[in-house]
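Structure first, then comments.
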Amino acid sequence: MVDKTNSNLLKWYPVYTNPRAEKKAFEALQRKGIEAYLPLQRTLKQWSDRKKWVEEPLIKSYLFVRIAAHAQTDVLMTKGVARFIYFSGSIASMPDRQVDDLKLLLSNATDLIVTEENLRQGEKITIKAGPLKGLTGEVIDYRSQKQLLLRLEALGCSIIVNVAAALIERL
């Protein structure tokens, strides 16, 4: 159980799950009283006899936990959790702002593309209007002028969002 009294000690950590176990690991963490976030995206699936809208993890085999450092063992002892993500030899943590940005992206009906492609850095921007107002990221100059890159470096992946160029302001 996580002590939520001192929120200054709590950090977001990306966690790698067993394949196709994201939802079960998320539910198990919640049953333990651990604050967790599983970004889900609705997608239309086609079977031979029907189509159906399903919620799938935005980033396969990943979820996020907000814990104090001493609670890492409790997370690892959760069914479906494989390991923490390491960056430069230590467990990677994420700023609250990145998780908040991800929640904001998913709260809007926006088409997202997740890619592990190492996209080159472009110009730093912020969105000045619309449902994604306040998000910051990098322009992808070789894709199109209507795509914003929100880089989540601790995960080693990028999220691309389509947004009108008129809504982008240089930082």
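See the values below:
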{"item": "19 Å cut-off, amide nitrogen to a point 7 angstrom out along Asp100 Cα→Cβ, residues in the range 24-51", "result": "35-39"}
{"item": "Computed E for Ser61/Lys11 - FRET, C-beta separation, R0 22 angstrom, nearest 0.05", "result": "0.60"}
{"item": "Residue order, fewest to most beta carbons within 10 Å, for Asp100, Asp74", "result": "Asp100, Asp74"}
{"item": "Among the listed pairs Lys11/Lys32; Lys24/Lys103; Lys24/Lys133; Lys103/Lys128; Lys23/Lys103; Lys45/Lys79, those beyond 24 Å (Cα-Cα)", "result": "Lys24/Lys133; Lys45/Lys79"}
{"item": "Other-chain or far-sequence residues with amide H under 5 Å of Phe87's (modelled H)", "result": "Ala92"}
{"item": "Nonlocal amide H pairs with Gln41, under 5 Å, H built at 1.01 Å", "result": "Glu56, Leu58"}
{"item": "Stretch gain in nm, segment Glu123-Thr43, where the contour uses 0.36 nm per residue and the Cα spacing is subtracted", "result": "25.7 nm"}
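Since every read-out is calculated from the coordinates, none of them should be taken as a lab result. Quick caveat, the model's predicted, so the values are computed rather than measured. Heads up, the Cβs are rebuilt from the backbone with ideal geometry, glycines too, and the neighbour counts pull from every protein chain shown.
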